[in-house]
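Reading through the structure tokens given below for one structure.
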Amino acid sequence: MKLPRPAVPPIGSGESMRRGGAPVRWPVVAFLAKTLAIADMEVRKLRHDPTELLTRAVQPALWLLIFGEVMSRARAIDTAGLPYLDFLMPGILAQSVLFIAIFNGISVIWERDLGIVHKFLASPTPRASLVLGKALGGGVRALVQAAVVMSLAATLGVRMRVDPLALAGLVLVVLLGAAVFSSFSLIIACLVKTRERFMGVGQLLTMPLFFASNAIYPTAMMPRGLQIVSHLNPLTYQVDALRLLLLPGFAVTPHLGLGIDLLVLTGVLVALVVLSARLYPHIAR
């Protein structure tokens, strides 16, 4: 009589690696793989409708071409010797990231109506992977928009750093900022649950976030109460980081510090991903 053979864990499984030696954190690898798969799905949507980026590029172009040129001639805003158009460019870049990311949550409502959300929830994919993957997909959209804004700014004569270190920092900050506001957008979608309400709330929030930041004027010009609001606004830290990375002369003006900017953006992103992962199942109810 043959005895049954003991079950052997599949090659590469966490159990087999534990038996062979030091444990390998395969759950982390699986989490990253699922997150990137969701992000890839979001980027594929962009390939089917690239005109969205062209229409979104109109607004930052108007801010640079009209508002930037007029305020440069007016010389009404003190930028510590930095040309106002140079000072404005990172703020408009961050604004375009905000406007793209803040409406990213409406795709979740569409997916709910098509039954895709229910399939996601029935899969073993962690909720945090679903949320973070969508946030990274919004970051890729924002990177394309950032390239458009920087090309226009270069045409207008804005002096920017284009060395590899500055560009790598730009990619990181844009991805972080887009992920923050995409996660915030997902929270709104989970709460309002309808496209009409979402569009109304999104339009209500974008302009206060933009004007209560340092995007178009230094925070030193603001009233004390608005300065407090500005320091609670993640967009302020994104704009500050972009100015430090892209503008050679910005280091001599008051700023928060690149380390603080990245730390705040990362902390806000983690908090929003945790919250939106908890709320994500509510979109299907």
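The values are calculated or read from the model by the stated rules, or taken from the named source; none is laboratory data. Remember, predicted model here, so these are calculated numbers, not experimental data. Here the Cβ is made from the backbone with ideal geometry for all residues, glycine too, and neighbour counts use every protein chain on show.
What the table below lists for this structure:
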read-out	value
Unmet requirement for Thr125, which otherwise passes all of (1) touching a Ser or Thr at 6+ places or on another chain (Cβ under 7 Å); (2) among the hydroxyl-bearing types (Ser, Thr, Tyr); (3) within 30 Å of Pro281 (Cβ to Cβ)	(1)
Near pairs, Cβ below 7 angstrom, 6+ apart or cross-chain, from the range 120-136 (within 23 Å of Leu265 (Cα to Cα)) to any residue that is part of a loop (DSSP other than H, G, I, E, B)	Lys134/Asn104
Whichever residue in the range 56-87 is over 15 Å from Leu152 (Cα atoms) and assigned to a helix (DSSP H, G or I) and, among such residues, is modelled with the lowest pLDDT	Ala74
Residue list for the range 180-205, filter: exposed (fewer than 14 other Cβ atoms within 10 Å of the Cβ) and small (Gly, Ala, Ser)	Gly200
Sole residue being surrounded by fewer than 21 Cβ atoms within 10 Å (Cβ to Cβ) and either at pLDDT 90 or above or touching a helix residue (DSSP H, G or I) at 6+ places or on another chain (Cβ under 6 Å) (or both), chosen from Leu258, Leu272	Leu258
Which numbered condition Ile216 misses (of (1) within 23 Å of Ile109 (Cα to Cα); (2) touching a Gly at 6+ places or on another chain (Cβ under 6 Å); (3) not hydroxyl-bearing (Ser, Thr, Tyr))	(1)
Which listed residue is of a type outside the set (S, T, N, Q) and modelled with pLDDT under 90, from Ile92, Ile100	Ile100
The range 110-144 - residue that is over 14 Å from Ala179 (Cα atoms) and either surrounded by 22 or more Cβ atoms within 10 Å (Cβ to Cβ) or of a type in the set (Asp, Glu) (or both) and, of those, nearest to the chain's Cα centre (by Cα)	Glu111
